[in-house]
């Protein structure tokens, strides 16, 4: 048996959108189950996101500390952001987010992993990029506001992030998945075996 996620869509007999927000909405679908019964499923409709594990020449990862109101914590995270434009090239979005949040650019980009954050209740898909050959971006820093105005920035050895994940001290989804995926890639076929930065992304199709 091949262990691989596959596309499938069960029949929907009714759908509604009881809430529409600025970036996301909530949808209610009545879904026909395999036994013929109909179950109601509520879930968040999300445009998708990109995240960037930026690795410097000293094998340190660029991380940001930001307040997240839903969980009432300041979390250490890797740079990330929404796909604001339907069909937007995820690499371009990632390059923009790395500049806006960290004022950093990278010359080498690869796809580290793709992940559904909470598939039981949200259709968000995140593409996590590995960015290397880092340098400071040109020009003025991006004018941040709201929670981002309070962000802290640090560069932390990958091994220290992995230790924090396993100790239950670090919880951000993209940071956890990114750090563990990079560790696995380094222990396996190496970073050159990672997918190219323009690899197709069936969860969020885009123009090359």
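The values are calculated or read from the model by the stated rules, or taken from the named source; none is laboratory data. Everything numeric in this text was worked out from a predicted model, so none of it was measured. Neighbour counts are summed over all protein chains in view; Cβ atoms, including those assigned to glycine, are modelled from backbone coordinates with ideal geometry.
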For the range 84-109, what are the residues that are outside any helix (DSSP H, G or I), buried (at least 18 other Cβ atoms within 10 Å of the Cβ) and at pLDDT 95 or above? 104, 106, 109
When you look at residue 161, is it touching a helix residue (DSSP H, G or I) at 6+ places or on another chain (Cβ under 6 Å), in a loop (DSSP other than H, G, I, E, B) and either at pLDDT 95 or above or not assigned by TED's automatic domain parsing to the domain that holds residue 123 (or both), yes or no? no
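Just to be sure I understand, how many residues within the range 163-195 are more than 18 Å from residue 67 (Cβ to Cβ) and crowded, with 17+ Cβ neighbours inside 10 Å? Show your work before the answer.
Step one: filter the range 163-195 for residues more than 18 Å from residue 67 (Cβ to Cβ), giving 163-168, 176-195.
Then drop every residue that is not crowded, with 17+ Cβ neighbours inside 10 Å, which leaves 164-165, 176-179, 181-182, 185, 194.
Going through the range 163-195 one residue at a time, the tally reaches 10.
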Among (1) more than 22 Å from residue 157 (Cα to Cα); (2) crowded, with 17+ Cβ neighbours inside 10 Å; (3) modelled with pLDDT of 95 or more, there is one condition residue 73 misses while meeting the rest; what is its number? (2)
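Here's the yes/no breakdown for (1) touching a helix residue (DSSP H, G or I) at 6+ places or on another chain (Cβ under 7 Å); (2) farther than 18 Å from residue 203 by Cα; (3) crowded, with 16+ Cβ neighbours inside 10 Å:
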position	(1), (2), (3)
9	no, no, no
14	no, yes, no
17	no, yes, no
36	no, yes, no
39	no, yes, no
48	no, no, yes
57	no, yes, no
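Is it true that some residue in the range 137-160 is under 16 Å from residue 46 (Cβ atoms) and more than 16 Å from the chain's Cα centre (by Cα)?
So in the range 137-160, the residues under 16 Å from residue 46 (Cβ atoms) come out as none.
No, there is no match, as no residue in the range 137-160 is under 16 Å from residue 46 (Cβ atoms) and more than 16 Å from the chain's Cα centre (by Cα).
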Only one of 114, 198, 123, 150 is closer than 30 Å to residue 7 by Cβ, loosely packed, with under 15 Cβ neighbours inside 10 Å and touching a residue at least 40 places away in the same chain (Cβ under 8 Å), namely 198
What number goes with the only condition from (1) over 21 Å from residue 162 (Cβ atoms); (2) free of Cβ contacts under 8 Å to residues at least 24 places away in the same chain that residue 74 does not pass? (1)
